[in-house]
Amino acid sequence: MNTATASRYAAEYPTIASALPGQTLPWLKALRAEALIAFSAHGFPSPREEEWRYTNVSGIEKKLFAPSVDLTGSDVDADWLKSYRLEDAWVLVLVNGHFSAELSVLDGLPEAVSVMSMADALAKQPDKVEKYLGAAADQSEHSFIAFNTAWFTDGLFVHVPAKLVLDKPIQLLHIVTGSDAMATTRNIIIADEMAEAKVIETYVGIDNAYLTSAVTEVFVGQNADVTLYKMQSESDKAYHFGGSYIKQARDARFTHHNFAFGGLLARSDIHADLDHASECELNGLYLGVKRQHIDNHTRINHLKPYAISRELYKGVLDDRARGVFQGRVIVAIDAQKTDSQMNNRNLLLSDDAEADTKPQLEIYADDVKCGHGVTVGQLDEKSIFYLQSRCVDEETARNMLTFAFANEMVDKIKIRSLHDKVLEQVLARFPQEGVNKEWL
């Protein structure tokens, strides 16, 4: 652990504490104070910790990132913003960790649905926020969660009441424009009994070095259905920590699609707790180039019987990029009739690329069906030769095969506009001559 860096952040904390939302709420002040003590004691996570053994965050420790005080978003280029905003969604825009009403679009949102910034939720619905904040993300798990709890400046609060089905997705668009800036946000998503919602988290930034720390807590009620998409396409100098922590009630359904393309160092945690007969599906695609380090850490807790989980993560790594996948499925002693499958597949495009994969099954019940599979390999030379024999040059052949490997995950996206945005990212890495995205 490196407590020196933590001490530097703790020393700066009093200068920004009064500007953080909810500081008039005794319970939140106490929660932040507890988180600050926990972070100060442990510092940022170390590779000596088992859950971080493949990821060294020393690059973050060398800098002192500062929260932004600009609440206007006035320096955001309108055309650049438009390229990331989804037209068929309600959009909440956060700039440098602060909600921007001027850049957001919420026209036509049903009155029964609560969608607002975290700052507004703490002012208007503090009792409801108190019930959920920290209920899914345990800050004792690792110090990034404690860091987020102490420093979060804003975020998104969504509450979909029982039996209501949203006909459009909600996009949370995170933008970072500052150099050496810190964007620390906290999101809460609640879907009551039999409700349905789709939420899209998009993380982008100007070409600067900065730190994004975002924690999302999701609560899926009985027989409710929530789909959460995440597209991380940040600056190639940026550091990113994003955690999604989910609690599912009986018969609840949760699906997560995680697309990691950007950042110098990016870590995503997705942890889900499953109740009786609930269903969880986790999908992911990570593309690494140059010296990128992309870490995906998943955990599915089967707590009750008859739950089903499916997980498929794919990675494509080139140059000196490093990809990490740590997937863990835990089946509790009472979780009989569990059905769980986990797979991780990695494609290495250079001899210097590296994939570290660690699937884990912890099974304490005796009547279950569980399995996992892992592959790490390179492109099939016979397939490349076959395409070359059909008058396709070698580079195009390699791009075609790599694109086909990655596109399986893109095809799982059910929102057309998001599908096209993600497809653009994949095609930028692996160009396909003559491809029209409308055909895919």
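The values are calculated or read from the model by the stated rules, or taken from the named source; none is laboratory data. Quick caveat, the model's predicted, so the values are computed rather than measured. Positions of Cβ are generated from backbone atoms using ideal geometry, with glycine treated the same way; all protein chains shown enter the neighbour counts. Surface areas here come from the heavy atoms of the whole protein model, side chains and all, with no ligands, DNA or RNA. Shrake-Rupley method; radii C 1.70, N 1.55, O 1.52, S 1.80 Å.
Evaluation of residue 128 against the conditions (1) surrounded by fewer than 19 Cβ atoms within 10 Å (Cβ to Cβ); (2) modelled with pLDDT under 95 shows that the sole unmet condition is (2).
Checked against (1) open to solvent by less than 60 Å² (accessible area, probe 1.4 Å); (2) within 30 Å of residue 328 (Cβ to Cβ); (3) hydrophobic (A, V, I, L, M, F, W, C), residue 37 meets all criteria but (1).
Reported count of residues in the stretch 348-382, each being within 20 Å of residue 400 (Cα to Cα), without any contact (Cβ under 8 Å) to a residue 60 or more places away in the chain and open to solvent by less than 60 Å² (accessible area, probe 1.4 Å), is 5. All conditions but one from (1) under 30 Å from residue 142 (Cα atoms); (2) crowded, with 18+ Cβ neighbours inside 10 Å; (3) free of Cβ contacts under 8 Å to residues at least 40 places away in the same chain apply to residue 9; the one that does not is (3). Run residue 76 past the list (1) within 22 Å of residue 267 (Cβ to Cβ); (2) surrounded by 13 or more Cβ atoms within 10 Å (Cβ to Cβ) and report the number of the one that doesn't hold. Among (1) within 22 Å of residue 267 (Cβ to Cβ); (2) surrounded by 13 or more Cβ atoms within 10 Å (Cβ to Cβ), residue 76 violates only (1).
Close contacts from the stretch 308-327, counting a first residue that is closer than 16 Å to residue 375 by Cα and a second that is surrounded by 24 or more Cβ atoms within 10 Å (Cβ to Cβ) and of a type in the set (Val, Ile, Thr), with Cβ to Cβ under 6 Å and a gap of 6+ residues or different chains, come to 323/294; 327/298.
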